[in-house]
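See structure below.
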Amino acid sequence: MSAPAPGGARRTDLDPVVNLATPLALADRRAPTRVLFGPHETNLGDRRSLSARHVAYYRRRAAGGAGLVVTEEASVHPSDWPYERCPLASACGPGWTAVAEAVHGHGALALAAIGHAGGQGSSAYSQAPLWAPSRVPEVNSREVPKWMEPEDVDAVVAGFGEAAGLAADAGLDGVEVNAGQYSLIRQFLSGLTNLRGDAWGADRLLFARQVLEAVRAGAGPGRVVGLRLSCDELAPWAGITADAGASVAATLAPLVDYLVVVRGSIFTASATRPDLHEPPGFNVALCHSVRAAVRGAGLDVPVFLQGSVVEVGQAEWALGAGVCDGVEMTRAQIADPDLVAKATAGDAEGIRPCLLCNQACQVRDARNPIVSCVVEPTAGHETEDPPIEGTTPRRRPLVVVGGGPAGLEAARVAASRGHAVRVLERSDRLGGSLAVAAAANGRTRLSTFVDWLVAECRRLGVSLETASAVTAADVARVEDEGAAVLLCTGSVAGARSYDLGQGAHVVVHTAWSCLSALADGGDPLPGVPDGPVVVLDPVGGPIGVSLAETLAARGRPVHLVTQDHIAGNELARTGDLAPANVRLQQAGVLIERRTLVRSVSTTGVDVEDRFSGAHRTIPAVAVVDAGHRLPDEALWEETGRRVPRAGDAVAPRTAYEAVLEARRSVLAIESGGPARPLAGIGRAVAGGRSVAP
Ligand SMILES: Cc1cc2nc3c(=O)[nH]c(=O)nc-3n(C[C@H](O)[C@H](O)[C@H](O)COP(=O)(O)O)c2cc1C
Ligand code: SF4
């Protein structure tokens, strides 16, 4: 069985009974809906305890209709400290109580994820060796773990039981045990990492059974015990295959109250929560086969589908088609905490869509950020961001210049607060660079946010006026009429970092011009003769990589020039680094590493090796410059630099900053604050205090 297209078949023609709003019995509890907000690293913690920010984050999702809220995984034993602010079960009691109260206040079940990362942890925080079933170096960190001696195994099993007991004492409804991608339990289950010659090696399920029995005993009667299980490690040479995974699930199912089917292992970190290159609902077939195996064993343990389920239509189809009994929608509820409430109220169109971009919710990167979301920047900042909901007594007309993400979000928020809003966009297209990139790539997930913003603006009565260029005189006139003005004019091409040699014949295009041509269904390189193309990507982001892929797919020989050691260097943050390099390789793109473009000549591109300084020429007929952009400040300068700005018009960044600054700007305009918006002023740090003593 394969996943239907997003928004595809709805369940109405299938099972008439089960939908997202159908309650689900688990142990002696009842989840009010079948939508699970899954455990994920947030960095919201205060050292190793849960913070008030955690509580607010989970409360918000429960208020929006999540049936089960599973908190960030807590380590069950001090030997596990995989990231700086990873909760430790023994420090979580007060935080769990606060979460339970907050989540129960909205009728949802609250569970604690508990686990141990084993060899996939880190010794950076504990300065102690990692514990793992066998001495298999971790693929990503390269760290060699310590082989767990029998007393270590016993201590961790006991730790699981104690953690479950603490969770129950704290008032939670139960726990979810992690045997997923990053877990010691999976390491014991797998031939990739369990090479032991003792009882735990002879029976690779032994450790999991011992853990689940200890957890059941610790949690006590009536509490829910869930299991997150990697049912396909995507490493068929020794890992858990899909067939074996179904059998493991059926064997362990009698010990638990629900199962969440996930995939991935140490070799496939990018498969854990892939970005939009992977279709939504990528685990549908796997989940279906696991559920069939569980049912085939005569067990009615509920099975949850996981994996980029971001469309209500797909979630309900999966429930109706017997793929699953419940659906995990984690990123979808980071992006819109009210997803379930809107869906059950018949307003699925009103759900703010998750783009599967991984740009702000993926926490474990070198910047060590806290969880947030490109389309909902208040995610993770519930205790700090002033609310944008509600209406204002200070209504005034607002003219937003520029209809990209910043302009549309400002218009949406202002209109929802009662202002009369016009958006004046000089081009024929709304959505700015996001809309162009989406249209150029045919990636409908990126378009969903622009479509949603436009639809919300229309619903709220915003006047959206395209092909409307604005001058400083226009700005002065509408200001005289009493309107506030916000400039969201976006960006322009940045300065060239290389020379155009004498009589250069090689054509230079910007990435933007190529994307615009593609978005209009045209030739990305109009008038350029057949021949090789150099894509210059000093940013290392998605634009240069996707253009190289697109041009190669159109039959152009492509050289992707980067100063880094790897193409798409910054894609590490979104998890697309390895997949992007695989795609480039498969497309036949030649990657010129450690390379700087120095000049463009009559026959090609003169490049310099960053280390050796050696020069050579790459033959080419065109260069596509995917370099940095600069703010479009023309109108701002004309107006004497006094009109507030937001988004790329301040400094070109991502849609995240555009949306965030748009919201701040509307509130600043309302409060009669300084002409300059709050752009650039960070959030208050208050609110991050721990609820633990
Ligand atoms: C920021 C972030 C951090 C995550 N961290 C964990 C984690 O620590 N343990 C885990 O089992 N899953 C983790 N996940 C996976 C989620 O629980 C979820 O299974 C995953 O996001 C796929 O579901 P989705 O496609 O509905 O978002 C994380 C996901 C995100 C977005
Ligand atoms: S940052 Fe992107 S992937 Fe993450 S929740 Fe938001 S929209 Fe979804």
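The values are calculated or read from the model by the stated rules, or taken from the named source; none is laboratory data. Please read all numbers here as calculations on a predicted model, not as lab measurements. Every residue, glycine as well, gets a Cβ built from its backbone with ideal geometry; the counts of neighbours run over all protein chains shown. Heavy atoms of the whole protein, side chains included, go into the accessibility calculation; ligands, DNA and RNA do not. Shrake-Rupley method; radii C 1.70, N 1.55, O 1.52, S 1.80 Å.
Taking the C-alpha atoms only, the angle from helix 242-252 to the longest principal axis of the chain is near 40 degrees. Based on the alpha carbons, how large is the Rg to Rh ratio for the chain when Rh follows Kirkwood? Here the Rg-to-Rh quotient is 0.99. Name the residue from His54, Ala572, Cys231 whose Cα lies farthest towards the positive end of the charge dipole of the chain, charges +1 on Cβ of Lys and Arg and -1 on Cβ of Asp and Glu. About the Cα centre, the residue reaching furthest to the positive side is His54.
If you count only protein heavy atoms with a 1.4 Å probe, what accessible area per residue comes out for segment 458-584, rounded to a whole Å²? Please list the in-between numbers first.
Numbers: 5590 Å² over 127 residues.
On a per-residue basis, 44 Å².
The tail of the calculated P(r) for segment 76-131, taken as Cα-Cα distances beyond 15 Å, holds 53 percent of the pairs. Under 5 Å from the amide H of Glu73 lie the amide H atoms of His40, each residue being 5 or more positions distant or on a separate chain, with H modelled from the backbone and absent for Pro and chain starts.
For Cα pairs less than 8 Å apart in space and 6+ apart in sequence, what is the mean separation divided by the residue count of the chain, i.e. the relative contact order in percent? Present the calculation step by step, with values, prior to reporting the outcome.
On the way: 1670 pairs, mean separation 87.0, N = 693.
Computed value for the chain: 13 percent relative contact order.
Taking all protein chains as present, what is the carbon and sulfur share of the accessible area of the chain, in % to the nearest whole number, probe 1.4 Å? Show your work: numbers first, answer last.
Working: 13830 of 26030 Å².
Summing carbon and sulfur atoms, their accessible area is 53 percent of the total for the chain.
State, to one decimal in nm², a quarter of the convex hull surface area for the C-alpha atoms of segment 182-324, i.e. the direction-averaged projected area. Please report the intermediate quantities before stating the final value.
Numbers: hull surface 36.3 nm².
Value for segment 182-324: 9.1 nm².
Label sites at Arg459 and Glu633, each approximated as a point 7 angstrom past Cα along Cα to Cβ, lie 3.8 nm apart.
Between the listed residues Val508, Leu205, Ser433, the Cα displaced farthest toward the positive end of the dipole of the chain, a dipole computed from Cβ unit charges relative to the Cα centre, is found at Ser433. Computed with every protein chain present, the accessible area of Glu633 is close to 60 Å² [probe 1.4 Å].
Using a probe of 1.4 Å, the accessible surface attributed to Asp46 totals some 60 Å² when neighbouring protein chains are kept in position.
Could you sort His509, His116, His628, His277 by accessible area so the largest value comes first, with the probe set to 1.4 Å? It would help to have the intermediate numbers written out before the result.
On the way: His509 35, His116 0, His628 125, His277 70 Å².
From most accessible down to least: His628, His277, His509, His116.
For the pair His565 and Thr602, the difference between a 0.36 nm per residue extended length and the Cα-Cα distance amounts to 10.5 nm.
Using the heavy atoms of the protein chains alone and a 1.4 angstrom probe, what is the accessible area of segment 276-384 per residue in square angstrom? Display every interim value, and only then the final one.
Numbers: 3060 Å² over 109 residues.
Accessible surface, normalised per residue, equals 28 Å².
Averaging 1/r over every pair of different alpha carbons in segment 256-362 and inverting the result gives a Kirkwood radius of 14.5 Å. Treating only the Cα positions of segment 578-679 as identical point scatterers, give the base-10 log of I(q)/I(0) from the Debye formula at each q in 0.19, 0.22 Å⁻¹. Debye output, listed in q order: -0.94, -1.12. On a per residue basis, segment 105-192 carries 32 Å² of accessible surface, using protein heavy atoms and a 1.4 Å probe.
Spatially, segment 325-393 and segment 216-263 are offset by 28 Å when compared through their Cα centroids.
Per the Kirkwood definition applied to all pairs of different Cα atoms, how many angstroms is the hydrodynamic radius of segment 450-596? Before the final figure, lay out each step's value.
On the way: mean 1/r = 0.0541 Å⁻¹.
In segment 450-596 this quantity evaluates to 18.5 Å.
Give the shape of segment 41-88 as rounded, prolate or oblate, defined through the alpha-carbon gyration tensor: a ≥ b ≥ c are the square roots of its eigenvalues, a/c under 1.5 means rounded, and otherwise the shape is prolate if a/b is larger than b/c and oblate if not. Taking the square roots of the gyration eigenvalues as a ≥ b ≥ c, segment 41-88 is prolate. In the assembled protein chains, Val144 presents an accessible area of approximately 90 Å² (probe radius 1.4 Å).
Modelled spin labels at Thr391 and Arg29, positioned 7 Å past Cα toward Cβ, are 4.0 nm from each other. For labels at Asp169 and Ala285 in the simple 7 Å Cα→Cβ model, what's the distance in nm? Here the modelled spin labels are 4.7 nm apart. Report summary: the helix-based calculation at 222 nm, which adds -39500 (n - 2.57) for every DSSP H run with n ≥ 4 and divides by the residues of the chain, gives -9000 deg cm²/dmol.
For Cys373, the residues 5 or more places off, or on other chains, whose built amide H falls under 5 Å of its own are Ala379.
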